[in-house]
1. Exactly one of (1) surrounded by 13 or more Cβ atoms within 10 Å (Cβ to Cβ); (2) at pLDDT 95 or above is unmet by Q125. Its number?
2. Would you pick out the residues in region 58-84 that are over 12 Å from the mean Cα position of the chain (by Cα) and free of Cβ contacts under 8 Å to residues at least 24 places away in the same chain?
3. Residues to consider are I131, I152, I113; find the one that is of a type in the set (V, I, T), in contact with a strand residue (DSSP E or B) (Cβ under 6 Å, 6 or more places away or on another chain) and within 16 Å of the ligand (Cβ to nearest atom).
4. Hey, T77 hits all of (1) at pLDDT 90 or above; (2) more than 16 Å from the ligand (Cβ to nearest atom); (3) farther than 22 Å from K124 by Cα but one; which does it fall short on?
5. All but one of (1) at pLDDT 95 or above; (2) farther than 14 Å from L50 by Cβ; (3) among the aliphatic types (A, V, I, L, M); (4) surrounded by fewer than 18 Cβ atoms within 10 Å (Cβ to Cβ) hold for L64, so report the exception by its number.
Amino acid sequence: MLLGVKIISVENIETSRKMADHLTKDRRSWNMSRIRSKDTKPETVVRFLLHKMGYRFRLYRKDLPGNPDIVLPKYRTAIFVHGCFWHRHKGCKRCTTPSTNQKYWLSKFAYNIARDKENRRKLKQEGWKCIVVWECETKKPELLSRRLVRLIGN
Ligand SMILES: [Zn+2]
């Protein structure tokens, strides 16, 4: 999988391919320690984890509200990978507010939050399950994997 190239070594690409091909029951316990997520884009991490767990997905469905980052057709599930700053991850240390031009920022943030909410509402209306993955969650791949399996299902 090309997307995996950035975050795993070459020997691991083959390993993860084999793992994806042969789904095992203990997919939750796979060792995620080799994922160097520090300099990897959050979306790439999520795709890598999903792939590793054997989920099949599509990217960027332009026909769906909000253009979800990842779509799992089989589970009718849409995943948004949100930056904590722009999409306002409540209680997160990355969710800061610049001290200058506060009025601008606050209205910008309010707009983003409202738009996200509206997109999720539309998707749910069309029978889609929505999952929001926060940028900061991708720094803890093992925890995130467990959460994804729990939310998506087996
Ligand atoms: Zn966050």
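The values are calculated or read from the model by the stated rules, or taken from the named source; none is laboratory data. As the structure is a prediction and not an experimental result, all values here were calculated from the model. Note that each Cβ is placed from the backbone with ideal geometry, even for glycine, and that neighbours are counted across all protein chains shown.
1. Just one mismatch for Q125, condition (1).
2. R58, Y60, R61, K62, D63, N67, P73, K74
3. Details: I152 fails: within 16 Å of the ligand (Cβ to nearest atom); I113 fails: in contact with a strand residue (DSSP E or B) (Cβ under 6 Å, 6 or more places away or on another chain).
Checking each option against the conditions leaves just I131.
4. Tallying (1) at pLDDT 90 or above; (2) more than 16 Å from the ligand (Cβ to nearest atom); (3) farther than 22 Å from K124 by Cα, T77 fails exactly one: (3).
5. Condition (1) is where L64 drops out.
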